[in-house]
1. Where does region 163-256 land on Rg/Rh, using Cα atoms and the Kirkwood Rh?
2. Once the whole set of protein chains is in place, how much accessible area is left on Val45, using a 1.4 Å probe, in Å² to the nearest 10?
3. What ³J(HN,Hα) values, in whole Hz, does the Karplus curve 6.51 cos²θ - 1.76 cosθ + 1.60 give for region 193-204 when θ = phi - 60°, with x put for Gly and Pro?
4. Tell me, what HN-Hα J-couplings in whole Hz come from the Karplus equation 6.51 cos²θ - 1.76 cosθ + 1.60 at θ = phi - 60° for each residue of region 47-59, using x for Gly and Pro?
5. How much accessible surface does Tyr75 have with a 1.4 Å probe, in Å² rounded to 10?
6. Once you put a point 7 Å from the Cα of Gln254 and another 7 Å from the Cα of Gln103, both along the Cβ direction, what distance in nm separates them?
7. Between Ile194 and Asp173, what's the calculated FRET efficiency when r is the beta-carbon distance and R0 is 25 Å? Round to 0.05.
8. If you keep only loop residues by DSSP, which trypsin sites (Lys or Arg not before Pro) in region 1-97 have at most 10 other Cβ atoms within 10 Å of their Cβ?
Amino acid sequence: MASGKLAYFFEARDLAHLFADWPDEIGLVLCLDAAGLCELLLFHVSERDRMPAKAAAVLGCARAELEVVPEVAGYPTRRVLFTDEQKLMALILDEDDLAELAQDYLINHRFEASRKPEAPAPKPATKAATLTDVFRWKPRLHLSETAPKPPRKPDLPEGFAALDAQAECDFADGVLELGRTGLRLSLAPELLSIQTPARRTRKIGFRDDFSCFVLPRPVAAGWSPGESLVIDMPEEGFPKALRARYAQGPRQAQVTITGQGVFVTPGALLPPPPPEAEAPARRRRLFSPVRSALIGMVCLGLAAGAMLREDAPFSLPFLPMKSGAIDAPQPSETRFAAR
(Lines give C-alpha, C1' and ligand atoms only; values in the text may rest on other atoms or scores of the structure.)
Protein backbone atom coordinates (compact mmCIF):
# COMPACT_ATOMS: atom_id res chain seq x y z
CA MET A 1 0.00 0.00 0.00
CA ALA A 2 1.20 3.50 -0.78
CA SER A 3 0.71 5.18 2.62
CA GLY A 4 0.87 2.12 4.82
CA LYS A 5 -2.46 3.01 6.49
CA LEU A 6 -5.62 1.14 5.50
CA ALA A 7 -9.23 1.13 6.74
CA TYR A 8 -11.19 -1.79 5.31
CA PHE A 9 -14.96 -1.70 5.87
CA PHE A 10 -17.19 -4.78 6.30
CA GLU A 11 -20.87 -3.99 6.02
CA ALA A 12 -23.50 -5.78 8.10
CA ARG A 13 -24.75 -7.78 5.09
CA ASP A 14 -21.21 -9.08 4.49
CA LEU A 15 -20.74 -10.10 8.10
CA ALA A 16 -24.09 -11.90 8.20
CA HIS A 17 -22.61 -14.46 5.78
CA LEU A 18 -19.73 -15.11 8.17
CA PHE A 19 -21.57 -15.09 11.52
CA ALA A 20 -25.02 -16.63 11.90
CA ASP A 21 -26.13 -14.28 14.71
CA TRP A 22 -24.61 -11.05 13.42
CA PRO A 23 -26.91 -8.01 14.05
CA ASP A 24 -28.25 -6.27 10.94
CA GLU A 25 -27.33 -2.75 12.10
CA ILE A 26 -23.69 -3.25 13.00
CA GLY A 27 -20.68 -2.95 10.69
CA LEU A 28 -16.96 -3.41 11.17
CA VAL A 29 -13.83 -1.58 10.06
CA LEU A 30 -10.41 -3.20 10.07
CA CYS A 31 -7.52 -0.78 10.70
CA LEU A 32 -4.06 -1.80 9.45
CA ASP A 33 -0.69 -0.15 9.10
CA ALA A 34 2.72 -1.24 7.85
CA ALA A 35 4.19 -1.16 11.37
CA GLY A 36 2.05 -4.11 12.41
CA LEU A 37 -0.97 -2.40 14.01
CA CYS A 38 -4.17 -4.34 13.37
CA GLU A 39 -7.32 -3.27 15.20
CA LEU A 40 -11.07 -3.70 14.77
CA LEU A 41 -13.77 -1.06 15.28
CA LEU A 42 -17.50 -1.79 15.48
CA PHE A 43 -19.99 0.84 14.32
CA HIS A 44 -23.72 1.35 13.94
CA VAL A 45 -25.07 2.07 10.45
CA SER A 46 -25.89 5.58 11.64
CA GLU A 47 -22.19 6.11 12.42
CA ARG A 48 -20.91 4.98 9.03
CA ASP A 49 -19.90 8.45 7.79
CA ARG A 50 -17.87 9.19 10.92
CA MET A 51 -15.86 5.96 10.91
CA PRO A 52 -13.08 6.98 8.42
CA ALA A 53 -12.09 9.84 10.71
CA LYS A 54 -12.20 7.53 13.73
CA ALA A 55 -10.02 5.01 11.87
CA ALA A 56 -7.49 7.75 11.05
CA ALA A 57 -7.37 8.64 14.74
CA VAL A 58 -6.79 5.03 15.72
CA LEU A 59 -3.96 4.71 13.18
CA GLY A 60 -2.55 8.14 14.13
CA CYS A 61 -2.45 9.51 10.62
CA ALA A 62 -3.81 12.49 8.69
CA ARG A 63 -6.87 12.23 6.45
CA ALA A 64 -4.76 12.28 3.29
CA GLU A 65 -2.62 9.37 4.54
CA LEU A 66 -5.53 6.99 5.13
CA GLU A 67 -6.63 4.67 2.33
CA VAL A 68 -10.27 3.57 2.64
CA VAL A 69 -11.83 0.49 1.03
CA PRO A 70 -14.48 0.62 -0.36
CA GLU A 71 -13.91 4.13 -1.65
CA VAL A 72 -15.18 7.04 0.47
CA ALA A 73 -15.28 10.60 -0.86
CA GLY A 74 -12.43 12.72 0.48
CA TYR A 75 -10.09 9.76 1.17
CA PRO A 76 -7.62 7.95 -1.06
CA THR A 77 -8.34 4.32 -1.83
CA ARG A 78 -6.58 1.28 -3.26
CA ARG A 79 -7.41 -1.92 -5.11
CA VAL A 80 -7.48 -4.96 -2.83
CA LEU A 81 -6.79 -8.33 -4.44
CA PHE A 82 -9.14 -11.23 -3.90
CA THR A 83 -6.47 -13.17 -2.01
CA ASP A 84 -6.00 -10.21 0.34
CA GLU A 85 -9.74 -10.05 0.95
CA GLN A 86 -9.73 -13.72 1.91
CA LYS A 87 -6.95 -13.09 4.39
CA LEU A 88 -8.88 -10.20 5.93
CA MET A 89 -11.95 -12.40 6.32
CA ALA A 90 -9.86 -15.14 7.90
CA LEU A 91 -8.51 -12.51 10.28
CA ILE A 92 -11.92 -11.57 11.65
CA LEU A 93 -13.22 -15.14 11.60
CA ASP A 94 -10.55 -16.02 14.14
CA GLU A 95 -12.30 -13.79 16.69
CA ASP A 96 -14.76 -16.24 18.21
CA ASP A 97 -16.53 -13.65 20.36
CA LEU A 98 -16.86 -11.00 17.66
CA ALA A 99 -20.59 -11.58 17.02
CA GLU A 100 -21.27 -11.39 20.76
CA LEU A 101 -19.41 -8.07 20.99
CA ALA A 102 -21.47 -6.78 18.07
CA GLN A 103 -24.67 -7.66 19.92
CA ASP A 104 -23.39 -5.81 22.99
CA TYR A 105 -22.47 -2.79 20.88
CA LEU A 106 -25.98 -2.70 19.42
CA ILE A 107 -27.53 -2.84 22.90
CA ASN A 108 -25.31 0.02 24.12
CA HIS A 109 -26.04 2.09 21.03
CA ARG A 110 -29.79 1.72 21.48
CA PHE A 111 -29.49 2.54 25.15
CA GLU A 112 -27.53 5.71 24.39
CA ALA A 113 -30.04 6.69 21.70
CA SER A 114 -32.94 6.24 24.11
CA ARG A 115 -31.30 8.60 26.62
CA LYS A 116 -30.94 11.45 24.13
CA PRO A 117 -33.33 14.38 24.77
CA GLU A 118 -35.44 15.79 21.97
CA ALA A 119 -33.11 18.77 21.78
CA PRO A 120 -29.72 17.12 21.33
CA ALA A 121 -27.28 18.19 23.97
CA PRO A 122 -23.56 18.19 23.33
CA LYS A 123 -21.95 14.88 24.18
CA PRO A 124 -19.33 14.79 26.86
CA ALA A 125 -15.93 14.59 25.29
CA THR A 126 -15.12 11.40 27.16
CA LYS A 127 -18.26 9.49 26.16
CA ALA A 128 -17.24 8.71 22.59
CA ALA A 129 -13.82 7.72 23.78
CA THR A 130 -15.40 5.37 26.31
CA LEU A 131 -17.45 3.59 23.64
CA THR A 132 -14.42 3.38 21.39
CA ASP A 133 -12.28 1.89 24.12
CA VAL A 134 -14.91 -0.73 24.94
CA PHE A 135 -15.25 -1.97 21.33
CA ARG A 136 -11.74 -1.55 20.09
CA TRP A 137 -9.23 -4.37 20.44
CA LYS A 138 -6.34 -6.05 18.76
CA PRO A 139 -7.14 -9.38 17.11
CA ARG A 140 -4.97 -12.40 17.69
CA LEU A 141 -3.99 -12.72 14.02
CA HIS A 142 -1.94 -10.25 12.00
CA LEU A 143 -1.56 -10.02 8.25
CA SER A 144 1.89 -11.04 7.19
CA GLU A 145 2.11 -8.19 4.65
CA THR A 146 1.49 -5.50 7.21
CA ALA A 147 3.27 -7.05 10.15
CA PRO A 148 6.66 -8.39 9.12
CA LYS A 149 8.15 -9.76 12.32
CA PRO A 150 11.87 -10.05 12.82
CA PRO A 151 12.94 -13.70 12.82
CA ARG A 152 13.24 -15.09 16.32
CA LYS A 153 16.13 -17.35 17.03
CA PRO A 154 14.61 -20.61 18.24
CA ASP A 155 15.93 -22.40 21.27
CA LEU A 156 15.96 -25.68 19.33
CA PRO A 157 16.45 -26.36 15.61
CA GLU A 158 13.36 -26.38 13.43
CA GLY A 159 11.45 -29.62 13.67
CA PHE A 160 12.59 -30.31 17.24
CA ALA A 161 10.72 -29.64 20.46
CA ALA A 162 11.20 -30.24 24.16
CA LEU A 163 9.61 -33.36 25.59
CA ASP A 164 5.96 -32.93 26.48
CA ALA A 165 4.76 -34.75 29.57
CA GLN A 166 1.77 -36.08 27.64
CA ALA A 167 3.68 -37.03 24.50
CA GLU A 168 3.22 -40.57 23.20
CA CYS A 169 5.74 -42.46 21.14
CA ASP A 170 5.78 -46.07 19.91
CA PHE A 171 8.00 -47.84 17.42
CA ALA A 172 7.34 -50.79 15.14
CA ASP A 173 9.02 -52.69 12.32
CA GLY A 174 6.98 -53.18 9.18
CA VAL A 175 7.00 -54.14 5.54
CA LEU A 176 5.97 -51.99 2.56
CA GLU A 177 4.67 -53.90 -0.45
CA LEU A 178 3.00 -52.74 -3.66
CA GLY A 179 0.14 -54.97 -4.76
CA ARG A 180 -3.17 -54.93 -6.57
CA THR A 181 -4.85 -53.00 -3.72
CA GLY A 182 -2.16 -50.31 -3.65
CA LEU A 183 0.70 -49.83 -1.22
CA ARG A 184 0.32 -51.94 1.91
CA LEU A 185 2.08 -51.31 5.21
CA SER A 186 2.14 -54.36 7.49
CA LEU A 187 3.21 -54.04 11.12
CA ALA A 188 4.59 -57.22 12.70
CA PRO A 189 4.06 -59.13 9.41
CA GLU A 190 5.14 -62.40 11.00
CA LEU A 191 1.97 -62.27 13.14
CA LEU A 192 -0.51 -61.57 10.33
CA SER A 193 -3.67 -63.65 10.49
CA ILE A 194 -7.31 -63.48 9.50
CA GLN A 195 -7.95 -61.55 12.72
CA THR A 196 -5.44 -58.79 11.91
CA PRO A 197 -7.25 -55.42 11.64
CA ALA A 198 -6.97 -53.68 8.26
CA ARG A 199 -7.32 -49.92 7.78
CA ARG A 200 -7.31 -47.74 4.65
CA THR A 201 -6.44 -44.07 4.25
CA ARG A 202 -6.08 -41.65 1.35
CA LYS A 203 -4.47 -38.91 3.45
CA ILE A 204 -0.70 -39.10 2.99
CA GLY A 205 1.81 -36.36 3.82
CA PHE A 206 5.38 -36.32 2.53
CA ARG A 207 8.54 -34.77 3.84
CA ASP A 208 10.14 -32.18 1.58
CA ASP A 209 12.70 -34.70 0.31
CA PHE A 210 10.16 -37.60 0.08
CA SER A 211 12.38 -39.78 2.26
CA CYS A 212 9.46 -40.57 4.57
CA PHE A 213 5.73 -40.00 4.78
CA VAL A 214 3.11 -39.60 7.49
CA LEU A 215 -0.40 -41.02 7.86
CA PRO A 216 -3.23 -39.75 10.09
CA ARG A 217 -3.02 -40.95 13.68
CA PRO A 218 -6.53 -42.58 13.67
CA VAL A 219 -5.37 -45.32 11.26
CA ALA A 220 -3.41 -46.82 14.18
CA ALA A 221 -6.16 -46.31 16.77
CA GLY A 222 -6.35 -49.25 19.15
CA TRP A 223 -2.97 -50.64 18.07
CA SER A 224 -0.46 -51.67 20.74
CA PRO A 225 3.24 -52.48 20.33
CA GLY A 226 3.78 -56.11 19.41
CA GLU A 227 0.46 -56.44 17.58
CA SER A 228 0.00 -56.83 13.84
CA LEU A 229 -1.77 -54.20 11.73
CA VAL A 230 -2.39 -53.66 8.02
CA ILE A 231 -2.73 -50.19 6.47
CA ASP A 232 -3.61 -49.86 2.77
CA MET A 233 -2.92 -46.72 0.75
CA PRO A 234 -3.87 -45.93 -2.88
CA GLU A 235 -1.03 -46.24 -5.35
CA GLU A 236 -1.97 -42.96 -7.03
CA GLY A 237 -1.35 -41.16 -3.73
CA PHE A 238 2.42 -41.52 -4.27
CA PRO A 239 4.68 -39.81 -6.83
CA LYS A 240 5.56 -41.78 -9.93
CA ALA A 241 9.19 -42.19 -8.88
CA LEU A 242 8.19 -43.64 -5.52
CA ARG A 243 5.72 -46.04 -7.15
CA ALA A 244 8.50 -47.33 -9.39
CA ARG A 245 10.76 -47.73 -6.38
CA TYR A 246 8.17 -49.67 -4.39
CA ALA A 247 7.45 -51.87 -7.42
CA GLN A 248 10.95 -53.33 -7.11
CA GLY A 249 9.77 -55.56 -4.28
CA PRO A 250 8.87 -55.57 -0.56
CA ARG A 251 10.85 -53.19 1.62
CA GLN A 252 11.59 -52.84 5.28
CA ALA A 253 9.88 -49.94 7.03
CA GLN A 254 10.62 -48.19 10.30
CA VAL A 255 7.39 -46.88 11.82
CA THR A 256 7.08 -44.27 14.57
CA ILE A 257 3.62 -43.60 16.02
CA THR A 258 3.09 -40.34 17.93
CA GLY A 259 0.16 -38.15 18.80
CA GLN A 260 0.66 -36.25 15.54
CA GLY A 261 0.58 -39.22 13.15
CA VAL A 262 2.08 -42.46 11.89
CA PHE A 263 5.53 -41.71 10.45
CA VAL A 264 6.91 -44.27 7.97
CA THR A 265 10.52 -44.39 6.79
CA PRO A 266 11.06 -46.94 3.97
CA GLY A 267 14.22 -49.04 4.17
CA ALA A 268 16.13 -51.52 2.05
CA LEU A 269 14.65 -54.20 -0.16
CA LEU A 270 13.93 -57.45 1.59
CA PRO A 271 15.96 -60.41 0.30
CA PRO A 272 13.98 -62.85 -1.83
CA PRO A 273 12.85 -66.00 -0.01
CA PRO A 274 15.16 -69.00 -0.51
CA PRO A 275 13.91 -71.52 -3.09
CA GLU A 276 12.16 -74.52 -1.62
CA ALA A 277 14.40 -77.59 -1.55
CA GLU A 278 13.03 -80.39 -3.73
CA ALA A 279 12.37 -83.67 -1.95
CA PRO A 280 15.00 -86.29 -2.97
CA ALA A 281 13.63 -88.80 -5.47
CA ARG A 282 13.05 -92.25 -4.00
CA ARG A 283 15.33 -94.80 -5.61
CA ARG A 284 13.27 -97.87 -6.34
CA ARG A 285 14.93 -101.18 -5.69
CA LEU A 286 14.58 -103.29 -8.78
CA PHE A 287 14.73 -106.57 -6.90
CA SER A 288 13.36 -106.20 -3.44
CA PRO A 289 12.53 -109.45 -1.60
CA VAL A 290 8.83 -109.09 -2.28
CA ARG A 291 9.37 -108.32 -5.96
CA SER A 292 11.76 -111.28 -6.32
CA ALA A 293 9.19 -113.60 -4.75
CA LEU A 294 6.48 -112.32 -7.10
CA ILE A 295 8.71 -112.77 -10.14
CA GLY A 296 9.54 -116.35 -9.03
CA MET A 297 5.88 -117.21 -8.67
CA VAL A 298 5.13 -115.84 -12.15
CA CYS A 299 7.97 -117.88 -13.68
CA LEU A 300 6.77 -121.09 -11.99
CA GLY A 301 3.27 -120.44 -13.24
CA LEU A 302 4.52 -120.04 -16.80
CA ALA A 303 6.59 -123.21 -16.60
CA ALA A 304 3.70 -125.25 -15.22
CA GLY A 305 1.45 -124.02 -17.99
CA ALA A 306 3.99 -125.07 -20.60
CA MET A 307 4.25 -128.56 -19.17
CA LEU A 308 0.49 -129.09 -19.29
CA ARG A 309 0.28 -128.26 -22.96
CA GLU A 310 0.34 -131.51 -24.97
CA ASP A 311 1.98 -130.07 -28.04
CA ALA A 312 4.87 -128.57 -26.14
CA PRO A 313 8.10 -130.57 -26.20
CA PHE A 314 9.77 -131.21 -22.93
CA SER A 315 13.50 -131.70 -22.45
CA LEU A 316 15.10 -133.08 -19.38
CA PRO A 317 18.35 -131.57 -18.41
CA PHE A 318 21.46 -133.63 -19.02
CA LEU A 319 22.55 -135.57 -15.97
CA PRO A 320 26.11 -136.85 -16.20
CA MET A 321 26.58 -140.46 -15.19
CA LYS A 322 29.15 -141.74 -12.82
CA SER A 323 32.54 -142.66 -14.18
CA GLY A 324 32.70 -146.21 -15.50
CA ALA A 325 29.09 -146.58 -16.53
CA ILE A 326 28.47 -148.57 -19.76
CA ASP A 327 26.55 -147.22 -22.69
CA ALA A 328 26.20 -143.73 -21.21
CA PRO A 329 23.90 -141.71 -23.46
CA GLN A 330 25.19 -138.62 -25.11
CA PRO A 331 23.44 -135.33 -24.28
CA SER A 332 22.30 -134.91 -27.85
CA GLU A 333 20.67 -138.38 -28.00
CA THR A 334 18.65 -138.19 -24.83
CA ARG A 335 15.21 -136.85 -25.90
CA PHE A 336 11.80 -138.04 -24.80
CA ALA A 337 8.42 -137.05 -25.98
CA ALA A 338 6.22 -135.42 -23.40
CA ARG A 339 3.51 -137.70 -22.10
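The values are calculated or read from the model by the stated rules, or taken from the named source; none is laboratory data. Given the structure is predicted, the values throughout are model-derived calculations rather than measurements. We place every Cβ from the backbone using ideal geometry, glycine too, and count neighbours over all the protein chains shown. Please note that ligands, DNA and RNA were not included when accessible areas were found on the heavy atoms of the full protein model with its side chains. Shrake-Rupley method; radii C 1.70, N 1.55, O 1.52, S 1.80 Å.
1. 0.96
2. It works out to around 80 Å².
3. Result, ordered by residue: 8, 5, 8, 5, x, 10, 10, 9, 9, 10, 8, 9 Hz.
4. 9, 4, 5, 8, 6, x, 5, 5, 5, 5, 5, 5, 7
5. 30
6. 5.4
7. My answer for the efficiency is 0.70.
8. Loop-located and lightly packed - Arg79.
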